[in-house]
Amino acid sequence: MVCRINDYIRGVNTKAGQKSLTRKPFQIIKMSFENLDLIEPILRALKTEGYETPTPIQEQAIPIILQRKDLLGCAQTGTGKTAAFAIPIIQILHETHNPAKGRRKIKSLIVTPTRELAIQIGESFAAYGRHAGLKHTVIFGGVGERPQTDALRAGIDILIATPGRLLDLMNQGYIDLRSIELFVLDEADRMLDMGFIHDVKRIIAELPRERQSLFFSATMPADIVKLSQTILNNPSKVEVTPESTTAEKVEQQMYMVNFADKRSLLLHLLRNQEIVSALVFTRTKHGADKVVQHLQKNGHNAMAIHGNKSQNARQKALSDFKAGKIRVLVATDIAARGIDVDDLSHVINFEIPNIPETYVHRIGRTGRAGQSGIALSFCDNTEITFLRDIQRLISQTIPVVEDHPYPLTDFTPMKAPAKVARKPIRREHNGQSVRETAGNRESRPTIRTSSGNSEQRPVRKFWSKRPGADRS
Ligand code: AMP
């Protein structure tokens, strides 16, 4: 039975599978941080962090930023991009503003889409700048303003912020951007996806024209290029690791399993103690909660992290997971964006994402900065099409594990949404109520609801903010 599935999946991918053998995996090439002309306090901090060689993005971006040029960086998380901008910013500010005179003014602003990313960038500045004598603070929504406004009042050199809370505190007069010398827009594509474009434009309007700007995005569609042109001045361009090749440094395994058996399979796999820490992905928040309940009921230390949880609950789950107090963290994609856990041993795709790039993002949570990692995926009969799309994107055939106790037996084809007879719609026409027909129907998009019914709604021009977005 499993062999049949194997042939089925492989059938469309044989050529792609061969092609992947010729691709080069992500590599850290041998070069030292000393070669990048970094100052001693930074070199010392990097030694403490255990960094030996710069990653490709660091090697390319650091000299450009130190030459005070604008930068357009095409790189995703996991490539070492945070250090690529944080290290030169620390060096520039240390050299130009040390010792600080009077109350510190904000000289560098980093805007990033999610709280998790903001916190991680803050941790990076703290780590690489521990001997540089600079002050930074992180501000984001969903928590009380007081500690943030206190830090701002005391004076800082570097501000890391999500757009909503930044604008809020700017409007309240706590933040003055007139002294900004270095501006970073991080994860620009995600920022647009989350509906932050207008907030970003409002922030940019408040920045001094004379400044150095750095712009990072994992992808560069036309609207991102257009946005970058409004921010950057004659930028140098740096591009690293196309997304589809990231997958090659992670060991991947596919479990073909009935939908109803996925939770049992997860429990079965967790008996293996080699799974030291697992980030489990589900498509929905409800799905994440159900998986966690099942794991907890069976004695596992598991927590969920998604947009419906309070900021404190998310932070607590994340820090307990990082500290090894929780073995399994169950997350939705948007909540997991930017989760950076050193030594994450396993990523488990409880459901196969319908967007192939999401799969690459997910498995990129393990095997970070050149380390190896393992990604296990559960695929039921309704997800085989998604699996094919993923394999096409990564140009790899993901090996199928045939020896497990819950093999796929349900081959029922995916059900088409049930057709529901539409009630005739009556419209006003020349003062009379008439039955709407194909000929007189107004053209409006049809939206299919979860119950399978169709309903017509007015066109929405812009996506509203997604759950998990900063709603400060
Ligand atoms: P980022 O792409 O900024 O999310 O970084 C991904 C991970 O790589 C983080 O855990 C960093 O601590 C780590 N990292 C960044 N630069 C280096 C380096 N040169 N050597 C080793 N690890 C690094």
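Once R0 is set to 60 Å, what does the formula 1/(1 + (r/R0)^6) return for the Cβ-Cβ distance between VAL143 and ALA260, expressed as a FRET efficiency to the nearest 0.05?
That gives a FRET efficiency of 0.90.
Between ASN234 and PHE411, the simple spin-label model (points 7 angstrom out along Cα→Cβ) gives 6.5 nm.
Counting other beta carbons within 10 Å of each residue's own, what order do PHE281, PHE321, PHE411, PHE33 fall into, fewest first?
Details: PHE281 29, PHE321 24, PHE411 12, PHE33 20.
Ascending Cβ contact count within 10 Å gives the list PHE411, PHE33, PHE321, PHE281.
Rounded to the nearest 20, the Cβ-based charge dipole of region 115-207 about its Cα centre (Lys and Arg +1, Asp and Glu -1) stands at 240 debye. Spacing of the modelled spin labels on HIS198 and GLU95, each 7 Å from Cα toward Cβ, amounts to 4.2 nm. Cα centroid separation, region 124-174 to region 248-324: 32 Å. Full extension of the chain between THR48 and GLN311 gives 91.7 nm of extra length, using 0.36 nm per residue less the Cα-Cα distance. Legend: ranking of residues GLU402, GLU116, GLU145 from fewest to most surrounding C-beta atoms inside 10 Å; resulting order GLU402, GLU145, GLU116.
Applying 1/(1 + (r/R0)^6) with R0 = 30 Å to the Cβ-Cβ distance of ILE355 and GLN253, what FRET efficiency is obtained, to the nearest 0.05? Can you show the working numbers first?
On the way: r = 21 Å, r/R0 = 0.69.
That gives a FRET efficiency of 0.90.
Exposure proxy ranking for LEU152, LEU109, based on other Cβ atoms within 10 angstrom of each Cβ and starting from the fewest, stands as LEU152, LEU109. Look at the dipole of region 250-394 built from charges on Cβ: of PHE350, SER377, ALA304, the Cα furthest out on the positive end belongs to ALA304. Express in % the proportion of alpha carbon pairs of region 55-239 at distances exceeding 27 Å. Percent of Cα pairs beyond 27 Å in region 55-239: 19.
Among LYS285/LYS322; LYS226/LYS309; LYS47/LYS316; LYS135/LYS226; LYS135/LYS309; LYS201/LYS309, which pairs are too far apart, with a Cα-Cα distance over 23 Å? Walk me through the numbers on the way to the answer.
Numbers: LYS285/LYS322 21 Å; LYS226/LYS309 35 Å; LYS47/LYS316 29 Å; LYS135/LYS226 33 Å; LYS135/LYS309 30 Å; LYS201/LYS309 29 Å.
Beyond 23 Å: LYS226/LYS309; LYS47/LYS316; LYS135/LYS226; LYS135/LYS309; LYS201/LYS309.
Tally Lys/Arg at +1 and Asp/Glu at -1 over every other residue whose Cβ is under 9 Å from the Cβ of ASP380; what's the total?
Residues near ASP380 contribute -3 overall.
In plain terms, the chain from ALA205 to ARG283 could stretch by 24.4 nm, reckoned as 0.36 nm per residue minus the Cα-Cα distance.
Specify whether the C-alpha gyration tensor of region 250-394 places it in the rounded, prolate or oblate class, a ≥ b ≥ c being the square roots of the eigenvalues: rounded for a/c under 1.5, otherwise prolate if a/b is larger than b/c and oblate if not.
Values: a/c = 1.39, a/b = 1.22, b/c = 1.14.
Here region 250-394 falls in the rounded category.
Read-outs throughout are calculated quantities, based only on the coordinates presented, and are distinct from any laboratory measurement. Keep in mind that this is a model prediction, so the values were computed, not measured. Quick reminder, even Gly has a Cβ in these numbers, built from the backbone with ideal geometry, and neighbours come from all protein chains shown.
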